[in-house]
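Take a look at the structure below.
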Amino acid sequence: MIEKWKLETLIDMEMSCLELCEEEWVILLLAVDGFSPIIGEEVFHTCFFLYPYVSFNFKPLLLSVYAQEISEALDRLREKG
């Protein structure tokens, strides 16, 4: 969910709001570094946890964090090929 002040700013600037789905966030993360491979699913979870503009529901693990939405998005992308 986008914050109210951000929507108001977009309207004032005559811009539309774009909300990305989980799969699009994953693809964007891959594209940031020229589509270089990301080794291990935990890297996705950690990167998105540190990024303030995503709204995944993270839960703490012993040494990291985990979001079910990220795992499901990765599974859907794998199925699509």
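Quick note: the coordinates plus some simple rules give every number you see, no bench work behind them. Computed from a prediction, not measured in an experiment: that's the story for all the values here. Every residue, glycine as well, gets a Cβ built from its backbone with ideal geometry; the counts of neighbours run over all protein chains shown.
Gaussian network model of the chain, Cα springs within a sub-10 Å range: biggest mean-square fluctuation belongs to which of 38, 11, 70?
The residue that fluctuates most here is 11.
For the chain, with only Lys/Arg (+1) and Asp/Glu (-1) charged at the beta-carbon, what is the dipole magnitude about the Cα centre, in debye rounded to 20?
Dipole of the chain, to the nearest 20 debye: 200 debye.
If I fit a long axis through the Cα atoms of helix 22-32 and take the longest principal axis of the Cα atoms of the chain, what angle between them do I get, 0 to 90°, rounded to 10?
80
As a test of the formula, what do you get for the chain when each DSSP H run with n ≥ 4 contributes -39,500 (n - 2.57) and the sum is divided by the residue count, at 222 nm and rounded to the nearest 500 deg cm²/dmol?
-16000 deg cm²/dmol
Using Cα positions and a limit of under 17 Å, work out the aspartates and glutamates in reach of residue 6, with same-chain residues fewer than 8 apart set aside.
Output for residue 6: 14, 19.
Just flag the chymotrypsin sites (Phe, Trp or Tyr not before Pro) in the stretch 1-66 sitting in loop per DSSP whose Cβ has no more than 11 other Cβ atoms within 10 Å.
Taking the stretch 1-66 and a limit of 11 other Cβ atoms within 10 Å, the loop chymotrypsin sites (Phe, Trp or Tyr not before Pro) found are 35, 53.
Label the chain by shape, choosing from rounded, prolate and oblate, from the square roots a ≥ b ≥ c of the eigenvalues of the Cα gyration tensor; if a/c is under 1.5 it is rounded, and otherwise prolate applies when a/b is larger than b/c, oblate when it is not.
Cα axes put the chain in the prolate bin.
Scan the stretch 1-41 for GluC sites (Glu not before Pro) in coil per DSSP, keeping those whose Cβ has at most 13 other Cβ atoms within 10 Å, and list them by number.
3, 14, 19
For 65, 32, which order do you get if you count the other beta carbons within 10 Å of each Cβ and list the fewest first?
32, 65
Which is farthest toward the positive dipole end of the chain among 64, 15, 28, measuring Cα position about the Cα centre, with Cβ charges +1 (Lys, Arg) and -1 (Asp, Glu)?
64
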